[in-house]
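Before any comments, here is the structure.
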Amino acid sequence: MALAGILLLTACTSIPADAAGTSDRVRGGELRAGITHNPPWTDTSSGEPTGAEVALVESLARALDARVEWVEGSEAVLADALHEGELDMAVGGFTDDTPWTDQAAVTAVYREVRNDRGVTEKHVMLTRPGENRFLVTVEDHLRENGADR
């Protein structure tokens, strides 16, 4: 009988889940996205963010019927803001060897490019830790839209 109760409770729980409800808050609301200047991925020099990753975040927001609130800062500031729950995600040409894994969740690699030194860079985005449903949503969007087209 106890097992049946556990199974019923598990069936009612959405897995993966967001510890702080990011997916529900963002859908139809606001996507708080951190950005650091790193062309061509992100460019903040003109006042209005542009770049390949900006386009991906904006298309994710459209898919979620959300508007993007851009917050500019250094990588360290953005990683701290993710950890503190002040941002939902961050972009800036991050790669899979990012030093911020103790403060943020890292998406799966969504794009690989060879840099001018001939080294392959594996690009990722950062999300708020513990928000696993939102992380999966971002990864699904990147898988569908983030590779070279």
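Axis angle, to the nearest 10 degrees, between helix 52-63 and the longest C-alpha principal axis of the chain: 30 degrees. If you find the alpha carbon centre of the stretch 71-134 and of the stretch 22-69, how far apart are they in angstrom? If you average the Cα positions of each part, the centres end up 13 Å apart.
Gain on full extension, evaluated as 0.36 nm per residue between residue 37 and residue 116 minus their Cα-Cα distance, stands at 26.6 nm.
If exposed GluC sites (Glu not before Pro) are those in a DSSP loop with at most 14 other Cβ within 10 Å, what is the longest stretch of the chain that has none? Working shown, then result.
Values: sites that count: 84, 86.
Between the exposed loop sites, the longest stretch runs 1-83.
Remark: spin-label model distance residue 77-residue 140 equals 3.3 nm, labels positioned 7 Å along the Cα→Cβ axis.
Please work out the FRET efficiency for the pair residue 65 and residue 45, using the Cβ-Cβ distance as r and a Förster radius of 30 Å; give the result to the nearest 0.05. E between residue 65 and residue 45, to the nearest 0.05, is 0.50.
Could you give the size of the charge dipole of the chain about its Cα centre, using +1 on the Cβ of each K and R and -1 on the Cβ of each D and E, expressed in debye and rounded to the nearest 20?
440
Where a number appears in this text, it was derived from the coordinates with a stated rule and is not lab data. Since this is a predicted model, take the numbers as computed values, not measurements. Cβ atoms come from the backbone with ideal geometry, glycine included; neighbour counts cover every protein chain shown.
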